[in-house]
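To start, the structure itself, in structure tokens.
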Amino acid sequence: MTNTPTNTNTGTPRGTGKLRFPERFLWGAATAAFQIEGAAALRGPSIWDTFCRTPGKVHGGDTGDVAVDHHRLWREDVRLMAALGLGAYRFSVSWPRVLAGGIGFYDALVDELLSYGIQPCVTLYHWDLPQELETGSSTGGASGGGGWPERETAYAFAAYAATVAEALGDRVKLWTTLNEPWCSAFLGYGSGVHAPGRTSPADSLRAAHHLNLAHGLASAVLPASARVGIALNPSAVRPLTGSAADLDARRRIDALANRIFTGPLLHGAYPEDLMEDTAAVTDWSFVRPGDEAQIHQPLGFLGVNYYTPTVVSAAPAGGGPRADGHGATAHSPWPAADTVAFHQPPGELTDMNWSIDPTGLYDLLMRFTREAPGLPLLVTENGAAYAPELHDPQRIGYLEKHLATIHRAIGHGAPVEGYFLWSLLDNFEWSYGYSKRFGIVHVDYETLARTPRSSAHWYARLARTGAL
């Protein structure tokens, strides 16, 4: 008798096809420009180029100058996607590359993807803000710098979006304006663990608003025939206990992690409790009349990026919360939440020390199903970092558990239309440099050779059959 591995969520034998996804379910993989493209000499500098060259900010002093050289090897990478049977590829466009006249790279990439029957899904912003907008005089303002805390950056983003739409809009039907604006705002301008490395609670709130505004402005200039959405990294926030204090800690973090974006995006207004909680940090005067209506554009879909849940409790004042999922920092990314403590969720961990708990993804999908009935959902990122070996059963187990959970959510009414695995390739993992590997395709960083892992072959079967 064979000992068949089972799915720990459902008890279903692996690979038997007992769980079947909808016929038109979109199977894809995702990457980001700065993490894979390289060819830094062919574009202008971004805030991440500057951050990488700041001593102590990125593991090993790693940079994105070469990354995995996708800018040169893109045809090979598209053939690899086709061999894996992917129906869609979510990639980001480099704003600095477009400013340097490099839109032709993406024009050719889109044509190549379509020639293999792979749907191109464009993300306009995955964190690589042009350095000139961070430090240039055109955006320098009262907050002591430029970048996302300044309103002009949102308008610059809309102009950039229009340029990309003019070049690609006749062929690209699925657009994501921003990827994880929480990270851009709060890790970039609050805790300083991401570029540009600033540590101002007030600036992080200003940045969050101007990122929201940028989404609204860009949505208005993208093709009317396309589906336009945004990829959030919402937190499945859970209280450590059922005490009133812990439940209030959960409320405060839910406001800063989730409702600061979903409030204006889905309902046309920022939550009152968020503004009250942060009144000592800012007066919110940067939100001008009409801004919330501009942000509240019709969404073609909502993207959900998910890796691990968040557990919080009340803590004594000055307890020093940590940046959830990104290690302890001297500064908190959570403005006016200094009485909230963060706890490691129980369970097995990935190489990022992130707890494996797919129930958080289920909770988020069902939450948005209730909050925005009828709004299509896409899981725009989900995956795990593990050791570099080619045989990676742990990653397969992680993916299997989360996909079984998505299947369960669909069965309970969640309108999930697709899944983008993070990530297609090993790549530059931001402040971790090249020390963490998320790819279902192994990359030898010396030779740049690509070798599909066991998880790639597993995912290829799933993409071809739609059966888990």
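The figures follow:
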quantity: Filtered residue count, the stretch 1-38, keeping only those that are crowded, with 19+ Cβ neighbours inside 10 Å and at pLDDT 90 or above; calculated: 15
quantity: Selection count, the stretch 154-187, where residues are outside any helix (DSSP H, G or I) and hydroxyl-bearing (Ser, Thr, Tyr); calculated: 2
quantity: Candidate set from the stretch 342-359 (those that are touching a residue at least 12 places away in the same chain (Cβ under 8 Å) and under 14 Å from Leu240 (Cβ atoms)); member that is most open to solvent (accessible area, probe 1.4 Å); calculated: Gln344
quantity: Given (1) open to solvent by less than 10 Å² (accessible area, probe 1.4 Å); (2) over 20 Å from Arg90 (Cα atoms); (3) of a type outside the set (S, T, N, Q), number of the condition His402 does not satisfy; calculated: (2)
quantity: Residues located in the stretch 67-93, provided they are in contact (Cβ under 8 Å) with a residue 60 or more places away in the chain, closer than 19 Å to Thr447 by Cα and of a type in the set (A, V, I, L, M, F, W, C); calculated: Ala67, Val68, Leu73, Leu80
quantity: Leu222, sole failed condition from (1) touching a residue at least 60 places away in the same chain (Cβ under 8 Å); (2) assigned to a loop (DSSP other than H, G, I, E, B); (3) surrounded by fewer than 20 Cβ atoms within 10 Å (Cβ to Cβ); calculated: (3)
quantity: For Thr369: the one exception among (1) under 25 Å from Ala314 (Cβ atoms); (2) more than 18 Å from the chain's Cα centre (by Cα); (3) open to solvent by 10 Å² or more (accessible area, probe 1.4 Å); calculated: (1)
quantity: 1 or more residues touching a Lys or Arg at 6+ places or on another chain (Cβ under 6 Å) and surrounded by fewer than 24 Cβ atoms within 10 Å (Cβ to Cβ): qualifying helices (runs of 4 or more DSSP H) within the stretch 73-153; calculated: 103-115
quantity: Test result for Gly216, assigned to a strand (DSSP E or B), open to solvent by less than 10 Å² (accessible area, probe 1.4 Å) and within 24 Å of Ala372 (Cβ to Cβ); calculated: no
quantity: Which listed residue, of Gly197, Gly268, Gly192, is of a type in the set (Gly, Ala, Ser) and open to solvent by less than 10 Å² (accessible area, probe 1.4 Å); calculated: Gly192
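The values are calculated or read from the model by the stated rules, or taken from the named source; none is laboratory data. These figures come from a predicted structure and were not determined experimentally. When we count neighbours, we look across all protein chains shown, and the Cβ atoms used for this are built from the backbone with ideal geometry, even at glycine. Remember, those area values only see protein heavy atoms, side chains included, never the ligands or the DNA or RNA. Shrake-Rupley method; radii C 1.70, N 1.55, O 1.52, S 1.80 Å.
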